[in-house]
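Presented below is the structure to which this report refers.
The values are calculated or read from the model by the stated rules, or taken from the named source; none is laboratory data. Predicted model, so just to flag it, every value in this text is computed and none were measured. Cβ placement follows ideal geometry from the backbone for every residue including glycine, while neighbour counts extend to all protein chains displayed.
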Amino acid sequence: MEKENPKNSKKQEQLDTHKEDSTNKHLTTNQGVRINDNQHTLSAGERGPSLLEDFIFREKMTHFDHERIPERVVHPRGSGAHGVFEAYESMKEFTKASFLSEAGKKTPVFVRFSTVVGFRGSTDLARDVRGFATKFYTDEGVYDLVGNNIPVFFIQDAIKFPDLVHSIKPEPKHEMPQATAAHDNFWDFASLMPEATHVIMWILSGRGIPRSYRMMEGFGVHTFKWINEEGKVTFVKYHWKPTLGTHGVVWDEAQKISGMDPDFHRRDLYEAIENGNYPEFELGVQIVAEEDEHKFDFDLLDPTKLIPEEIVPVKKVGKMTLNRNPDNFFAETEQVAFHPGHVVPGIDFTNDPLLQGRLFSYTDTQLIRLGGPNFHEIPINRSVAPVHNNQRDGFMRQTINKGNVNYEPNSTGGGCPFQVKMKDGGFVSHTERIDAHKIRARSKSFNDYFSQATLFWNSQTPPEQKQITNAFLFELGKVERQEIQKRMVGLLTQVDKDLAKNVAEGLGFQVPDGPMKPVQGGVPADDDPADYEPVNNKQAVKEDKTLSMDFTKKGDITSRMIAFLCADGVDENSVKAVKESLMEKSAMVKIIAPHGGKIKTSGGSEIPVDKTFNTTGSVLFDAVYIPSGAGSIEKLMESAEAVKFLHETYKHYKPIAMDGDAKKLLKATYIEHLVESINQMEQGVIIKDSNSGLADDFIKAIGQHRFWNREETDKIPT
Ligand code: HDD
């Protein structure tokens, strides 16, 4: 893989000027005064009271007392990375945006991935939408693409956003539960807002519990406008496609990862970048000519709808490589301020009522979160394009504006800074003609709440459908009021009858006839609820394979984590041969053993142990390998932890490989009878000698990610 030099960008130079390096430096106060005692407060005698005049103590304590800033009201938990975006070809035909103007053009970026609901210290593996926000430091100013890993949203109008977020956050009475939608308030809201049904299907699929930030798609969600030099408008929907494919974990795994390593995604991103396995995402767009705006079965302005790739394919326009971790989490990842309204010439907004509301909310939230109007001056937020205007003052102003002129027009400042002449570029809004009444209403073209939820359901493989059904049983099972469960299942009858029936049965009641009229959710009091009756089956496309994660790119095992279960007496060659083959394909191997330090091989050599059964578990790995060695296998057979490791790996559909006699270990498990009769390659359990092609088969199996066709996984205790 050709590696981008992470240091090589204008943004990097700009950030470097703000960096502090304490190596070989004295400790000082913030005023630069050297400190020679950082251990004792100034006091009246050794046993006496502290003195107020101790400015060193006061300064240190005051700064500490003010260290925290308000966490984001949504998306508080996140992880960031620097990188570069490179355009594949000129998109000038559609947009004058300079970062897309020529093949090979590079633009520095900063990305922040996040969960939405959990607080800043919550677990990464919560079932949730993931934020995928990208800041492009273009030569024409900052462009923020503030998207999610799910292409549709919960609500159609931004005025419902505070209600949505209140309902999904912990309940106000006791601030429980944390980082989950599985409680009465959210499902009460969702069951009254039929427009949320589509996004719920996505969240309850594997998309809601990604394997890694590096292995999820990103979407701009709204339809945006691109505008070319001639002023011609084209509609676009943005997609980020990870080159490692889109992968999820299963719910049992997610819950265990949350206990074992709540930083799982953060660690995965950080370590991958440190190890040189730079995450890559291709930027794609679905392009719709302006004149085709109304040719779809849904409204392009409706953020609860996607354009099926079956109708409009995704055109790849560039690639983003994340190649550098932030130096300081707070300064960069916490203080980065995104805003869908940060656009550059060539990009414009549509009238999507959700997007329009977002254009207000983001600056407003930064004012409270970052403490004033100068957050654009924080190094991570600074544009690399020069900034000149007459905005002045405010909390924490950094820029020292010279001269006596802070207004325009002026004569004493030579008219500077002056407006850009049309011929010289600058941002020009699309001159869309609007001829309308001022009203509070939603277009009827937004009323089809269910057919894309059905499209999503129909596009899933049977194991994916089973996961969604189980997720409903978990989420709604946590709901205490049966009327809410029933109302929600009523909505599911509009998506798929079997889904509704299975969920109702699992919850212990009869499936309702159909949805209850949404007499409250989204219906203005003086409006006719009949207008809001859901219209089903309008969507012409009934199935789209790209909506299933099973359709994703497979075969690349770069950075996959492989556990080698070993104990004293392991066969050194059996470890070495497979380890080398895996590492050649850039997978990561960890030796897991019953004790720390080193294990002795049957040949008398020693192998360092990476983790013990006390400090890790199967859920933190993508696959497991059991090397041969009679002594090692005997010890593993006596270890309940080793047996559990194998059970879980099987239950979570992950590849297992065993070298020759290592298969004796199966005798201590519940899976022996299952494994005996299967087709090894088809079900991802490879039992062969390491010198007869085991590694090749294992690599192929890891590249498949999961083996959903395994039987009796429900019966395996873990
Ligand atoms: Fe939002 C943060 C994505 C609708 C109001 N949003 C935020 C972040 C992401 C999104 C990724 C975190 C950015 C970061 O990492 O700092 N939001 C979305 C998407 C939406 C969406 C894809 C629908 C298509 N958001 C949305 C609406 C509103 C907001 C309708 C309000 C009208 N969002 C916010 C916010 C946040 C935010 C309150 C919290 C912190 C921040 O902005 O900087 O303003």
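Rundown of residues vs (1) of a type outside the set (A, V, I, L, M); (2) part of a loop (DSSP other than H, G, I, E, B); (3) at pLDDT below 60; (4) not assigned by TED's automatic domain parsing to the domain that holds Y278, yes/no style:
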{"site": "E505", "(1), (2), (3), (4)": "yes, no, no, yes"}
{"site": "Q510", "(1), (2), (3), (4)": "yes, yes, no, yes"}
{"site": "P515", "(1), (2), (3), (4)": "yes, yes, no, yes"}
{"site": "Q520", "(1), (2), (3), (4)": "yes, yes, yes, yes"}
{"site": "V523", "(1), (2), (3), (4)": "no, yes, yes, yes"}
{"site": "V535", "(1), (2), (3), (4)": "no, yes, yes, yes"}
{"site": "E543", "(1), (2), (3), (4)": "yes, yes, no, yes"}
{"site": "T546", "(1), (2), (3), (4)": "yes, no, no, yes"}
{"site": "I562", "(1), (2), (3), (4)": "no, no, no, yes"}
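Quickly run through the stretch 638-674 and pick out the residues that are farther than 23 Å from M561 by Cα and part of a helix (DSSP H, G or I).
E638, D661, K664, K667, A668, E672, H673, L674
Could you check how many residues of the stretch 84-137 are within 16 Å of the ligand (Cβ to nearest atom) and either of a type in the set (D, E) or in a strand (DSSP E or B) (or both)?
Here the count works out to 17.
Step by step: first the residues of the stretch 65-79, then only those that are near the ligand (Cβ under 6 Å from one of its atoms) and assigned to a loop (DSSP other than H, G, I, E, B), then the one that is surrounded by the fewest Cβ atoms within 10 Å (Cβ to Cβ). Which residue is that?
V73
Which residue pairs have Cβ atoms closer than 7 Å, lie 6 or more positions apart in sequence or on different chains, and pair a first residue in the stretch 198-225 that is more than 15 Å from Q460 (Cβ to Cβ) with a second residue that is within 16 Å of the ligand (Cβ to nearest atom) and assigned to a helix (DSSP H, G or I)?
So the pair list comes out as S212/H265; Y213/H265; Y213/L269; R214/L269; H222/L354; H222/L355.
Residue under question is F235, and the condition is that it be touching a residue at least 60 places away in the same chain (Cβ under 8 Å), assigned to a loop (DSSP other than H, G, I, E, B) and within 25 Å of H294 (Cα to Cα); does it hold?
No: the conditions fail for F235.
May I ask you to verify whether D163 is more than 21 Å from A385 (Cα to Cα), among the acidic types (D, E) and more than 13 Å from the ligand (Cβ to nearest atom)?
Spelling it out, it is not the case that D163 is more than 21 Å from A385 (Cα to Cα), among the acidic types (D, E) and more than 13 Å from the ligand (Cβ to nearest atom).
Sort out which residues of the stretch 317-346 are within 20 Å of H222 (Cβ to Cβ) and away from the ligand (no atom under 16 Å from the Cβ), and write them in order of number.
Those that are within 20 Å of H222 (Cβ to Cβ) and away from the ligand (no atom under 16 Å from the Cβ): V317, G318, V344, P345, G346.
Which one of these does F153 not meet: (1) crowded, with 24+ Cβ neighbours inside 10 Å; (2) over 22 Å from the mean Cα position of the chain (by Cα)?
So the condition that F153 fails would be (2).
Please specify each residue of the stretch 353-384 satisfying the condition of being of a type outside the set (A, V, I, L, M), in a loop (DSSP other than H, G, I, E, B) and within 25 Å of S98 (Cβ to Cβ).
R382, S383 - these are the residues of the stretch 353-384 that are of a type outside the set (A, V, I, L, M), in a loop (DSSP other than H, G, I, E, B) and within 25 Å of S98 (Cβ to Cβ).
Anything in the stretch 585-625 that is over 21 Å from T649 (Cα atoms) and not in a loop (DSSP other than H, G, I, E, B)? List them, or say none.
Residues satisfying the conditions are K598, I599, K600, T601, E606, I607, P608.
Taking K423, is it out of contact with any Pro (no Cβ under 8 Å at 6 or more places or on another chain), without any contact (Cβ under 8 Å) to a residue 60 or more places away in the chain and not in a loop (DSSP other than H, G, I, E, B)?
Details: out of contact with any Pro (no Cβ under 8 Å at 6 or more places or on another chain): yes; without any contact (Cβ under 8 Å) to a residue 60 or more places away in the chain: yes; not in a loop (DSSP other than H, G, I, E, B): yes.
In short, yes.
Where the second residue is hydroxyl-bearing (S, T, Y) and the first is more than 20 Å from S79 (Cβ to Cβ) and lies in the stretch 356-383, which pairs have Cβ atoms under 7 Å and are six or more apart or on separate chains?
Pairs that qualify, where the first residue is more than 20 Å from S79 (Cβ to Cβ) and the partner is hydroxyl-bearing (S, T, Y), are E377/T399; S383/Y137.
Output the residues belonging to the stretch 350-400 that are touching a Ser or Thr at 6+ places or on another chain (Cβ under 7 Å) and either near the ligand (Cβ under 9 Å from one of its atoms) or of a type in the set (S, T, Y) (or both).
Within the stretch 350-400, T350, D352 meet the criteria.
Please pick out the residue among R72, R120, R112, R58 that is basic (K, R) and under 17 Å from G218 (Cα atoms). Explain how you work it out, then say what you get.
Working: R72 fails: under 17 Å from G218 (Cα atoms); R120 fails: under 17 Å from G218 (Cα atoms); R58 fails: under 17 Å from G218 (Cα atoms).
That would be R112, the only listed residue that is basic (K, R) and under 17 Å from G218 (Cα atoms).
With respect to the numbered conditions (1) within 21 Å of the chain's Cα centre (by Cα); (2) charged (D, E, K, R); (3) within 16 Å of the ligand (Cβ to nearest atom), which one is the sole condition not fulfilled by E282?
In the conditions (1) within 21 Å of the chain's Cα centre (by Cα); (2) charged (D, E, K, R); (3) within 16 Å of the ligand (Cβ to nearest atom), E282 misses (3) alone.
Name every residue in the stretch 182-232 that is more than 16 Å from the ligand (Cβ to nearest atom) and assigned to a loop (DSSP other than H, G, I, E, B), in order of residue number.
A182, H183, L204, S205, I209, R211, S212, N228, E229, E230, G231, K232
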